[in-house]
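Q: Sending over a structure as structure tokens; questions will come in a sec.
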Amino acid sequence: MSSAQELKKVESVSLVNPLVLETLEKLIDKKKSTAKVAFNSDLQKIYSTVTQKPFIAAESLIKNLIDFGRSIGLILDTYFPIVARRLGDHWVSDKLTFAEVTLALANLQLLNSKFEPLYLSGLKNSQIGAKILLVVPKGEDHTFGAISVTRKLRSMGTQTILLLDYQNKELGDLILGETFDLIGISSGNNFMTEKINALSTFLTSRIGKKIPIALGGNLVSTYKQTNEILNVDLISTNPEFVLDSLGIKYVNNKQTT
């Protein structure tokens, strides 16, 4: 029962002891406060574990969080991306070294791979046929965001292929040999605009304007600071928004927390 329902139930009683009502309100407020503290506490535990402890400790922590009622959707779709962004911020502010951030993100990627089958097992098993190619441009330092969004797109019923560390011939053969409904580019670095435009030009020279190209990743929130133009059809960090805007159907598989 929700907090609002609990109060409504009490208010529906004709005579209520004011002290009882006051006590109930305090308990509800405490419940809300506890939930908020648990969320922040969970994030800090994951952050500390992936940056300071071996993978086995991180794996054990995630299992414990699941045992204590955290959904796998909350962990993979909310906790992990927030921790990844925090790692990036701490790298930029020199709170962590490049090596420390790389190791921590590697741990997150391993955790993602370890628990992804559990995540997908709880979703509707429905392929809608939409084919998406997600490309990480050469020069990107970290790829956790692309791995995360690939999992999310697959959970939405799409057939998503993730391409990392590719050769131009490999990419060219793939887009000429397959029919995609969307090509996505994932980037987290503000210095990548020139490479993104080069990649977009390479793609459009082979597919023309038949297939839309969308850009996602942390770069979306910072690229305007460079006053540069990105040659893509759509820019967003929200997969649902991108698919809706392009009229691509998908399965709504939102997991509860």
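Q: Please tell me if Leu174 is modelled with pLDDT of 85 or more and part of a helix (DSSP H, G or I). Steps first, please.
A: On the way: modelled with pLDDT of 85 or more: yes; part of a helix (DSSP H, G or I): yes.
Yes; evaluated as a whole, the condition is true for this residue.
Q: Counting just the residues of segment 35-77 that are under 29 Å from Glu240 (Cα atoms) and acidic (Asp, Glu), which one comes out nearest to the chain's Cα centre (by Cα)?
A: Among those residues, the one meeting the criterion is Asp77.
Q: Among Asp233, Asp181, which is touching a Pro at 6+ places or on another chain (Cβ under 6 Å) and charged (D, E, K, R)?
A: Just a single option satisfies the conditions, and that option is Asp233.
To keep it simple, each residue is scored yes or no on (1) in contact (Cβ under 8 Å) with a residue 40 or more places away in the chain; (2) open to solvent by less than 10 Å² (accessible area, probe 1.4 Å); (3) not acidic (Asp, Glu).
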residue: Ile82; (1), (2), (3): no, no, yes
residue: Asp94; (1), (2), (3): no, no, no
residue: Thr97; (1), (2), (3): no, no, yes
residue: Pro117; (1), (2), (3): no, no, yes
residue: Ser121; (1), (2), (3): no, no, yes
residue: Asp141; (1), (2), (3): yes, no, no
residue: Val149; (1), (2), (3): yes, no, yes
residue: Gln167; (1), (2), (3): no, no, yes
residue: Gly172; (1), (2), (3): no, yes, yes
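Q: Still on this structure, I have one more. Of everything in segment 225-234, what is over 16 Å from Leu203 (Cβ atoms) and modelled with pLDDT of 65 or more? Give them in sequence order.
A: Scanning segment 225-234 gives Glu228, Ile229.
Q: In addition: Could you identify the single residue in Leu153, Leu162, Leu105, Leu87 that is in contact with a strand residue (DSSP E or B) (Cβ under 6 Å, 6 or more places away or on another chain), touching a residue at least 24 places away in the same chain (Cβ under 8 Å), open to solvent by less than 50 Å² (accessible area, probe 1.4 Å) and in a helix (DSSP H, G or I)? Break it down stepwise before answering.
A: Working: Leu162 fails: in a helix (DSSP H, G or I); Leu105 fails: in contact with a strand residue (DSSP E or B) (Cβ under 6 Å, 6 or more places away or on another chain); Leu87 fails: in contact with a strand residue (DSSP E or B) (Cβ under 6 Å, 6 or more places away or on another chain).
Of the residues listed, the single one that is in contact with a strand residue (DSSP E or B) (Cβ under 6 Å, 6 or more places away or on another chain), touching a residue at least 24 places away in the same chain (Cβ under 8 Å), open to solvent by less than 50 Å² (accessible area, probe 1.4 Å) and in a helix (DSSP H, G or I) is Leu153.
Q: Regarding Ile82, is this residue within 17 Å of the chain's Cα centre (by Cα), among the hydrophobic types (A, V, I, L, M, F, W, C) and closer than 27 Å to Asn189 by Cα? I'd like the intermediate steps shown before the answer.
A: Values: within 17 Å of the chain's Cα centre (by Cα): yes; among the hydrophobic types (A, V, I, L, M, F, W, C): yes; closer than 27 Å to Asn189 by Cα: yes.
When the stated conditions are applied, Ile82 passes them.
The values are calculated or read from the model by the stated rules, or taken from the named source; none is laboratory data. Quick caveat: nothing in here was measured; it's all calculated off a predicted structure. Every residue, glycine among them, receives a Cβ derived from its backbone with ideal geometry; neighbour counts consider all protein chains shown. Accessible surface areas use protein heavy atoms only, side chains included; no ligands, DNA or RNA. Shrake-Rupley method; radii C 1.70, N 1.55, O 1.52, S 1.80 Å.
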